[in-house]
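Structure first, commentary second.
The values are calculated or read from the model by the stated rules, or taken from the named source; none is laboratory data. Remember, predicted model here, so these are calculated numbers, not experimental data. Here the Cβ positions follow ideal geometry from the backbone for every residue, glycine too, while neighbour counts run over all protein chains shown. Protein only, heavy atoms only, side chains kept; ligands, DNA and RNA dropped before computing areas. Shrake-Rupley method; radii C 1.70, N 1.55, O 1.52, S 1.80 Å.
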Amino acid sequence: MKAYVLKEPGVLELINTEARKPDTGEVQIKTRACGICGTDFHAYNGKHLAVKYPVIPGHELSGVITSIGKGVKSFMPGDRVVVDPNITCGQCEYCKGGKENFCENIKTVGINYPGGYGEYVTVPEKVVYKIPDTMSFEAAAIVEPVACIIHAFDNTHVPLGGSAIISGTGFIGLAFLQILKGMGYYPVYTMDTNPTRNLLAKKYGSDKIYTCIDDLMESDIIGKANVVVEATGSNSILSKTIDMASPSGKIFAFSVYPPGEKIEIESNKIYSKEISIFGDFVNPYTMRKAINMISSGLIDYSGMEDPVIKINDIGNLFQSGQKNFIKPLIYYE
């Protein structure tokens, strides 16, 4: 099979290698679509602490099962599936305590386990989910990031209705926008400097769009947003979210922030406004919910899949340094 291997930071090479046959309890999948995530760029730039080089990246993948190992009962060759990239041990205290995302022995497809930048992937059957015949492989490739967003909602018990601010309208921000609008949020203000993203934010229901954080901070929603989503990865913007939030407001810090960096906030406002600030780490127990949410049409993926590329062109995308896109997608014939 063809596969792109990230040998070390900045070195992504196309190789020919053997597709691994499934062992007991495993399935082999022919990759049909794979999303390119911000995490992949962090890995490429040497800024992801969990990456073990060399690795075949790609953790947002869908495809067709081509063969199964001994003991596999839930799947057959030909099944259309999506992969949860987080392979947990099921035995450590975190797994036994219902916190599998903090598994002490976790392996992550595309991070320290071969992923979807290869034409075939072999994984345990426990991380594989069937997708409806009506769901395209491209749409299935966004199941994992949507599952991460659902985990944020599961953790925080966000109520129906209210007002919200979303800083950053890449894929994550736009998905949050559609979910919050579906939950009856009004108004929802968004902020991004990218014109293409802002057009999509308008399409998906943003009630007011800002292109500058300073202008947003002067708007009438500041101090009144029940939910604030920070999806830019900017610590300077994260530090402002406490002023954006209403009393008893909820803040989602939904980005991979640079390790070691710190922010300054007025700590008294956490106390006096009863602010809750939430992190969100991967997607335990939410893959099926994400499949259902996308299948229902709540999340419209049209317009986000730019660019759509083939496996031979992956290296060019990373080497170009281009970041002016929503959700790049690798499509396999």
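Flag not set for Val146, criterion: in a strand (DSSP E or B), open to solvent by less than 10 Å² (accessible area, probe 1.4 Å), among the aliphatic types (A, V, I, L, M) and farther than 21 Å from Asn235 by Cα.
Picking from residues in the range 28-82 that are small (Gly, Ala, Ser) and not in a loop (DSSP other than H, G, I, E, B), the one that is nearest to Lys310 (Cα to Cα) is Ala33.
Among residues of the range 131-144 that are of a type in the set (Asp, Glu), those with a beta-carbon under 8 Å from a residue that is open to solvent by 10 Å² or more (accessible area, probe 1.4 Å) at least six positions away or on a different chain give the pairs Asp133/Arg80; Glu138/Tyr301; Glu138/Glu305; Glu138/Val308; Glu138/Tyr331; Glu144/His59; Glu144/Asp84. For Pro159, the conditions (1) more than 25 Å from Gly233 (Cβ to Cβ); (2) under 18 Å from the mean Cα position of the chain (by Cα); (3) modelled with pLDDT under 95 all hold with the exception of (2). Residues of the range 295-323 that are within 29 Å of Tyr44 (Cα to Cα) and part of a helix (DSSP H, G or I): Ile311, Asn312, Asp313, Ile314, Gly315, Asn316, Leu317, Phe318, Gln319, Ser320. If the condition is being buried (at least 17 other Cβ atoms within 10 Å of the Cβ) and in contact with an Asp or Glu (Cβ under 8 Å, 6 or more places away or on another chain), then the range 63-74 contributes Ile65, Ile68, Val72. Residues that are acidic (Asp, Glu) and modelled with pLDDT under 95 within the range 134-156 comprise Glu138, Asp154, listed in sequence order.
Among strands (runs of 3 or more DSSP E) lying entirely in the range 149-261, which contain 1 or more residues that are within 21 Å of Tyr271 (Cα to Cα) and either open to solvent by 30 Å² or more (accessible area, probe 1.4 Å) or not hydroxyl-bearing (Ser, Thr, Tyr) (or both)?
In the range 149-261, 162-167, 225-230, 245-253 are the strands (runs of 3 or more DSSP E) which contain 1 or more residues that are within 21 Å of Tyr271 (Cα to Cα) and either open to solvent by 30 Å² or more (accessible area, probe 1.4 Å) or not hydroxyl-bearing (Ser, Thr, Tyr) (or both).
The set of residues in the range 182-205 that are touching a strand residue (DSSP E or B) at 6+ places or on another chain (Cβ under 6 Å) and within 17 Å of Ile149 (Cβ to Cβ) comprises Tyr185, Val188, Thr190, Ala201. Annotation note: Cβ proximity below 7 Å between a residue of the range 321-333 that is more than 23 Å from Leu199 (Cβ to Cβ) and modelled with pLDDT under 90 and a residue that is surrounded by fewer than 22 Cβ atoms within 10 Å (Cβ to Cβ) and of a type outside the set (A, V, I, L, M) (sequence gap 6+ or interchain) occurs for no pair. When the range 11-53 is examined, which residues are found to be under 22 Å from the mean Cα position of the chain (by Cα) and surrounded by fewer than 16 Cβ atoms within 10 Å (Cβ to Cβ)? Across the range 11-53, the qualifying residues are Asn45, Gly46, Lys47, Leu49, Ala50, Lys52, Tyr53. Scanning for something more than 30 Å from Gly223 (Cβ to Cβ), surrounded by 24 or more Cβ atoms within 10 Å (Cβ to Cβ) and hydroxyl-bearing (Ser, Thr, Tyr), does the range 102-119 turn up at least one residue? Yes, the range 102-119 has at least one match. For the range 275-312, a residue qualifies if it is loosely packed, with under 13 Cβ neighbours inside 10 Å, more than 24 Å from Ala231 (Cα to Cα) and either in contact with a Leu (Cβ under 8 Å, 6 or more places away or on another chain) or free of Cβ contacts under 8 Å to residues at least 12 places away in the same chain (or both), and the qualifying residues are Ser296, Asn312.
When Gly97 is tested against (1) touching a Cys at 6+ places or on another chain (Cβ under 9 Å); (2) over 23 Å from Ile29 (Cα atoms), exactly one condition is not met: (1).
The condition of being acidic (Asp, Glu) and under 26 Å from Met293 (Cα atoms) holds for only one of Glu119, Glu100, that being Glu100.
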